[in-house]
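Reviewing the structure listed below.
The values are calculated or read from the model by the stated rules, or taken from the named source; none is laboratory data. The shown structure was predicted, so the numbers you read here are calculated from the model rather than taken from an experiment. We place every Cβ from the backbone using ideal geometry, glycine too, and count neighbours over all the protein chains shown. Accessible surface areas use protein heavy atoms only, side chains included; no ligands, DNA or RNA. Shrake-Rupley method; radii C 1.70, N 1.55, O 1.52, S 1.80 Å.
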Amino acid sequence: VQLQASGGGLVQPGGCLRLSCTASSGLFIMMGWYRQAPGKQREMVATINSDDSTNYADSVKGRFSISRDYAKRSVFLQMNSLNIEDTAVYYCMSKAIISGRESWGQGTLVTVSS
């Protein structure tokens, strides 16, 4: 499975971005977004399960929203009210429904700066 992420870029504090990620194949019990800021460990941002239940990091609750398009094997992350602390490389991931195998995209850079 290959995951292709897009949508990163440079945005001012308070701005918004929408990240997209599409898988080449497969059926997934979960898809999600993680991020890694410079000098920090990778952390979970948001995940969405096959029953559409979601999980968010406390730091993004109320600002970010995750969604899926099952037919297109895609997952999206709408990011609003961005702040400098959101600057990171964002990675999409998927967990296969049968094998449980996790796959990761290449990452897309989000920079929040004035």
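Look at Arg18 and say whether it is in a strand (DSSP E or B), closer than 17 Å to Gly107 by Cβ, open to solvent by 30 Å² or more (accessible area, probe 1.4 Å) and out of contact with any Cys (no Cβ under 7 Å at 6 or more places or on another chain).
So Arg18 passes the test.
Under the condition of being open to solvent by 60 Å² or more (accessible area, probe 1.4 Å) and among the hydrophobic types (A, V, I, L, M, F, W, C), which residue from the range 1-15 is modelled with the lowest pLDDT?
Once the filter is applied, the top-ranked residue is Val1.
Please tell me if Arg35 is within 15 Å of Ser6 (Cα to Cα) and among the charged types (D, E, K, R). Write out each step before concluding.
Working: within 15 Å of Ser6 (Cα to Cα): yes; among the charged types (D, E, K, R): yes.
The answer is yes for Arg35.
Residues that are open to solvent by 30 Å² or more (accessible area, probe 1.4 Å) and of a type outside the set (D, E, K, R), at least 2 per element: which strands (runs of 3 or more DSSP E) completely within the range 24-110 meet that?
Details: elements: 28-36, 43-49, 54-56, 64-69, 74-79, 88-96, 102-104.
Filter on the range 24-110 gives 28-36, 43-49, 54-56, 64-69, 74-79, 88-96.
Please enumerate the residues belonging to the range 20-46 that are β-branched (Val, Ile, Thr) and out of contact with any Ser or Thr (no Cβ under 7 Å at 6 or more places or on another chain).
We begin by selecting, within the range 20-46, every residue β-branched (Val, Ile, Thr); these are 22, 29, 45.
If the condition is that a residue be β-branched (Val, Ile, Thr) and out of contact with any Ser or Thr (no Cβ under 7 Å at 6 or more places or on another chain), then Val45 is the only one that fits.
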